[in-house]
Amino acid sequence: MEAVVALRRTLEALEAAQVENAFVAGWSWARIAEVLGVSRQAVHKKHAARIRARYPGRPPGGKEGSG
Amino acid sequence: MIFHRFAGEARRSVEAALEEARMLGHDSLGDEDLLLGILRADEGLAAEAMSSLGVTLEDARGESEAMFSGALASIGVSLEEIRREAGDAFDLRLPEKRRIPFAPGAKKVLERALSRAVRLGDRYLGTEHILLAILENEEGTAVRMLARLGVAPEMLEERLFEFRGRAAG
């Protein structure tokens, strides 16, 4: 049971990290959402504020046009 | 909610516990966080008793983290490999705005702390009452954490009453 709790937390942190890594690599929100298998709105709502605060002034999906 | 009945050192230790939980990425506050909070706030008889037995905040945090990665390892997941793969962006700490609820066990600990204070005839709620209540929870994570640090509940309880006697006398 303890492992379940630890895994839940780890998964949450891993998703946040990999979305951030993808953003930094220039992925659009649309592409991130596609790979995660959720809607763009869902990804945006969950991650955009945190990541934007961390990388101010950086446009999303810089390498791929608008996200 | 019993939180409003807390004042002074006990309240500060609970606030410190929330900070510890946040830092360690615990999405609910467990009894081990209450223990860490007492060590972090570092005031009152409980912190004194633990430090007299060589329990430090750093060691306790280390054990908490070791238990976390140990739990993952038990199902074949390596936290180290995840860290390596995800890089610096991987961060188990919870954001400031995230609300951290009390786990049922921790809530019970605080309730038992109050009744412990009443039974001892104390007119205040101190960190020692919280610690005594933590130690009563034999199945709790905090007691296991202490065991890993080489401290048995009876040992700590004895030390606590020694210090109480000294403070009273």
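The values are calculated or read from the model by the stated rules, or taken from the named source; none is laboratory data. What you see is a predicted model; the values in this text were computed from it and never measured. A quick note on method: Cβ atoms are made from the backbone with ideal geometry, for glycine too, and the neighbour counts reach across all protein chains shown. All accessible areas refer to the heavy atoms of the entire protein, side chains included, with ligands and DNA or RNA removed. Shrake-Rupley method; radii C 1.70, N 1.55, O 1.52, S 1.80 Å.
Result for chain B in a Gaussian network model with C-alpha springs under 10 Å: among B:L132, B:L39, B:L94, the largest mean-square fluctuation is at B:L94.
With viscosity 1.002 mPa s and temperature 20 °C, the Kirkwood radius over alpha carbon pairs of chain B converts through Stokes-Einstein to a diffusion coefficient of 130 µm²/s. For the protein assembly as shown, the calculated P(r) over all alpha carbon pairs, in 5 Å bins from 0 to the bin holding the longest distance, is 1, 6, 13, 16, 15, 12, 10, 8, 7, 5, 4, 2, 1, 0, 0 percent. Helix B:31-41 axis versus longest C-alpha principal axis of chain B: approximately 70°, rounded to the nearest ten. Springs between Cα atoms under 10 Å define the GNM used for chain A, and in it the highest mean-square fluctuation of A:V19, A:V35, A:V43 occurs at A:V35. I need the calculated FRET efficiency for the pair B:K108 and B:E80, taking r as the beta carbon distance and R₀ as 41 Å, to the nearest 0.05. The calculated FRET efficiency here is 0.75.
Here is the P(r) of segment B:1-77: all C-alpha pair distances, binned every 10 Å from 0, give 19, 46, 26, 8, 1 in whole percents. Calculation over all alpha carbon pairs of chain A in 10 angstrom steps from 0 returns a P(r) of 21, 51, 20, 7, 1 percent. 3J(HN,Hα) along segment B:44-57, derived from phi through the Karplus expression 6.51 cos²θ - 1.76 cosθ + 1.60 where θ = phi - 60°, amounts to x, 5, 5, 5, 5, 4, 5, 5, 5, 9, x, 7, 10, 4 Hz, with x in place of Gly and Pro. Taking Cα atoms only, the orientation of helix A:2-24 departs from the longest principal axis of chain A by about 10 degrees. Which value in Å does the Kirkwood hydrodynamic radius of segment B:117-169 take, with 1/r averaged over all unlike C-alpha pairs and then inverted? For segment B:117-169, the Kirkwood estimate is 11.8 Å.
Heavy atoms of the protein chains alone define the surface here; on that basis the protein assembly as shown has 53 Å² accessible area per residue at 1.4 Å probe size.
For chain B, the longest principal axis of the C-alpha atoms and the axis of helix B:104-119 are separated by about 10°.
If you average 1/r over every pair of different alpha-carbon atoms in segment B:58-128 and take one over that average, what Kirkwood value in Å do you get? Display every interim value, and only then the final one.
Working: mean 1/r = 0.0633 Å⁻¹.
In segment B:58-128 this quantity evaluates to 15.8 Å.
Inter-chain Cβ neighbour count for A:4-17, averaged per residue, equals 6 (cutoff 10 Å, partner chain atoms only). Restricting the calculation to Cα atoms, segment B:71-169 shows an Rg/Rh of 1.12 when the hydrodynamic-style radius is the Kirkwood one.
By the rule of a C-alpha distance below 14 Å, with chain neighbours fewer than 8 residues away ignored, the aspartates and glutamates paired with B:K97 are B:E19, B:D27.
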